[in-house]
1. For region A:49-84, give me the residue count where each residue is touching a residue at least 24 places away in the same chain (Cβ under 8 Å) and in a loop (DSSP other than H, G, I, E, B).
2. For residue B:274, state whether it is away from every other protein chain (no Cβ under 14 Å), more than 25 Å from residue B:65 (Cα to Cα) and β-branched (Val, Ile, Thr).
3. Within region B:111-157, can you find the residues that are more than 23 Å from the chain's Cα centre (by Cα), more than 22 Å from residue B:326 (Cα to Cα) and of a type in the set (D, E, K, R)?
4. Conditions first: (1) basic (Lys, Arg); (2) part of a helix (DSSP H, G or I); (3) away from chain B (no Cβ under 14 Å). Residue A:241 passes all but one, so which condition is the exception?
5. Say we look at region A:180-234 and pick out the residues that are among the hydrophobic types (A, V, I, L, M, F, W, C) and not in a helix (DSSP H, G or I); which of these is modelled with the lowest pLDDT?
6. I'd like the full set of residues that are in contact with a strand residue (DSSP E or B) (Cβ under 8 Å, 6 or more places away or on another chain), part of a helix (DSSP H, G or I) and open to solvent by less than 10 Å² (accessible area, probe 1.4 Å), limited to region B:159-172.
7. Out of the residues in region B:209-259 meeting the condition of being assigned to a loop (DSSP other than H, G, I, E, B) and open to solvent by less than 10 Å² (accessible area, probe 1.4 Å), tell me which one is nearest to the other protein chains (Cβ to nearest Cβ).
8. Is it true that some residue in region B:226-233 is of a type in the set (A, V, I, L, M, F, W, C) and either within 20 Å of residue B:265 (Cα to Cα) or more than 18 Å from the chain's Cα centre (by Cα) (or both)?
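The values are calculated or read from the model by the stated rules, or taken from the named source; none is laboratory data. Just so we're clear, the structure is a prediction, and the values are computed from it rather than from any experiment. Cβ sites come from the backbone with ideal geometry, for glycine too, and all protein chains shown count toward neighbours. Side chains included, ligands, DNA and RNA excluded: accessible areas come from the protein's heavy atoms. Shrake-Rupley method; radii C 1.70, N 1.55, O 1.52, S 1.80 Å.
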Amino acid sequence: MLSRTAENLFWLARYVERAEYLARTIDATLRVTALPAAYVGKTNEWDSALLTAGVGASFYDHYEEANQQNVVEYLSFSSDNPSSIKNCIEAARLNSRSVRTALTSEMWDTINSAWIELQAVWGKGGTGSREDLAKFLRFVQETSLRFDGSAYRTMLRNDAYWFSRLGVHLERADNTARILDVKYHMLLPEEEHVGGPLDYYQWTSILRSVSATTAYHWVYRETLKPWLIADLLILNDTLPRSLASCYSNLVRNLDQIGVAYGRQGAAQRHARGIRNRLEHSHMDDIFQHGVHEFIQEFIADNSRLGEIVTKQYLI
Amino acid sequence: MAVAFDEMNGLGEDLRPAYQELSRWLKETPPDALEYRRQEAELLFRRIGITFAVYGDTEAQERLIPFDVIPRIMSANEWTLLEKGLKQRVLALNMFLKDIYHGRDILRANVIPEDLIFQNPVFRPEMNGQDVPHDIYVHIAGIDIIRTDPDNFIVLEDNARTPSGVSYMLENREIMMRLFPDLFARHRVAPVERYPDELLSALRSVAPHSASAEPTVALMTPGVYNSAYYEHSFLADKLGIELVEGRDLIVKNDEVFMRTTEGLKRVDVIYRRVDDDFLDPLTFRPDSALGVPGLMSAYAAGNITLANAVGTGIADDKAIYSYMPDIVKFYLSEEPILKNVQTWRCREAQDLSYVLDNLADLVVKEVHGSGGYGMLIGPAATKATIEAFRDKLKREPEGFIAQPTLALSTCPTCTDKGLAPRHVDLRPFVLTGSRQTTIVPGGLTRVALKEGSLVVNSSQGGGTKDTWILSE
């Protein structure tokens, strides 16, 4: 496969994944901010939404205040924000056009229809009403579901598929790690004693941004406990958005590429290294070491994998 | 202008045989059902993303070419004649190109004035004396044909560089079959879908001698912003070959390779949809980032086949066009089967004075223009435009040719006011490989959507139709 094709597939998958993640983040934030102040205290959830999206600094180049309207606009529709949902979908569509030959018609149809709908319905962000916003967020999540589903159901299991999966899991790992990093202070064991409604709803918002509220109860059969939430999102291989699960997938997809090409390289070794570390870690040790430090290292290692994959295959 | 010959109704109300079923069907089908299908077709085109870009048109960077759901139908006999004429013409084009870049017999025989070749900006001196695999220059030709009466098919233009539109021929058929299965059931329409297979085997057959037994073919595009990008990706997909851009290719030791996830892979044949000027910055425009440095030296070394060859523009030049009947006679010693439009060469004093005297009745074209730009359509032009053209002609007569305004045939077409005749042309695609020349039965019918308009180009708002060749 052309290196450029692989690169486009990889980024296409990342853009779609990122758009969905942003929609989830906004959705989870809306839920928290809709609660009475007595439950959520004075923290500005919109600031933390910006932080998890990794646009905390650039936002203030364009706005004075991180309120719902500004943040939603910046994360969803702004052309100034290179990774706004709108820009992600546009970039995904441009990438799709340049690799149409590597996409199945169902995947193309999903992206192209989403792009058409984006232009036609959401060009200026709808009416700005809460109902419209909810519709928009659902539209983004459904686009991503359709895209993933059509890839899963229609693509040949060859390098095109594996490179697009690499994009999905690398981006997903990054997103999960960012949520944890922004909220890590809430996950510290000593906060266990606080246990008030404030913590409860904020922890829920973490789970909600990765669609794992039900999963949590299935896995732990416990009330919400911060270290269990951390365990679920970092080490539990059965949760599709956990770091461990992302790395199982990354290692598997890289191995499949390695086998098909008859050659292993730095990308395979690096991914295996990260997965092994996740496999042999315990939450206790991570807390000992420092959650923040652990996540920071993970984010750096994860983005390093992106660079290695790029060097090995994409240029 | 007199009433034009109509593909369906002839010169009056005599329904032509090939259209009998269609006519019956149209009578049975309520107009709103037709309108509904038309809208459905448009939705399909948009969803599939069958678009083209109009340069400088920022409002609609990607536009749909309007699609008309009424097919244009031809009988088997008509097609047989056309096919013969097309093959003859493309054979002559290829012999002409080889001659021009080698022995130049035709110039020594004084059939064509030398300066028309050597002063021509599309002539490529780089190709002098260079052999191309199997002596084939024009692998893919799109010959624009118009019709003025039942027996007269006339070539309007020979597109011998990178003719486009074949994706529309294929997609139009797909969409018609989806929307009008009952109409197909009533006809025996010759299929066009084997075009990609024919194209691939033609391309593989012209691989250079240094290629392996299984030559690698790639399609080269200028990229997503090119107006015909949709077609490039569509064809690469149908052919099952890589769609490459210049940056995907690299030349090493006079061989061409593409950058793949598994390292470099040799390419043997490039179906290039990039113009000569942009192919290789070392040979042609140095400012172009679209091409591949060193491509031309790999070409000279005989390690890559370019389809179409470099320098074919000289054969589709409008100044050369007027000599095509002589070219056919010179190389094949046969009478041309397909006629030319009568053409006045403004470079010749006598022709020029005739043209200047009759501007209001003529179509004047730039010799190197395309896409319907820079044309004067005398009967439809204002006095001021005509005078402006008169000045241009006097200043640079060699830049123009003139032709009579022809009564292009019409075909029933959906309009706001129901079915009405609109002018059409036809672009069949002729494929030349090392073993044979093939033409899938049909081509792209373009239709001028404005009443009375003779301009069918998509960039000028023309539309397309499916073209049906009926089997015996």
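1. The number of residues fulfilling the criteria is 7.
2. On the way: away from every other protein chain (no Cβ under 14 Å): yes; more than 25 Å from residue B:65 (Cα to Cα): no; β-branched (Val, Ile, Thr): yes.
No, not satisfied.
3. Within region B:111-157, B:126, B:131 qualify.
4. Status for residue A:241: all satisfied but (2).
5. Top of the filtered list is A:194.
6. First pass over region B:159-172, keeping only residues in contact with a strand residue (DSSP E or B) (Cβ under 8 Å, 6 or more places away or on another chain): B:159-160, B:162-166, B:168-169, B:172.
Keeping just the survivors that are part of a helix (DSSP H, G or I) gives B:166, B:168-169, B:172.
Selection gives B:166, B:169, B:172.
7. Residues of region B:209-259 assigned to a loop (DSSP other than H, G, I, E, B): B:209-216, B:221-228, B:240-241, B:245, B:253-254.
In the following step, the residues that additionally are open to solvent by less than 10 Å² (accessible area, probe 1.4 Å) were identified as B:221, B:223.
Numbers: B:221: 9, B:223: 7 Å.
That would be B:223.
8. Step one: list which residues in region B:226-233 are of a type in the set (A, V, I, L, M, F, W, C), which gives B:228.
So of that shortlist, the ones also either within 20 Å of residue B:265 (Cα to Cα) or more than 18 Å from the chain's Cα centre (by Cα) (or both) come out as none.
No, region B:226-233 contains no residue that is of a type in the set (A, V, I, L, M, F, W, C) and either within 20 Å of residue B:265 (Cα to Cα) or more than 18 Å from the chain's Cα centre (by Cα) (or both).
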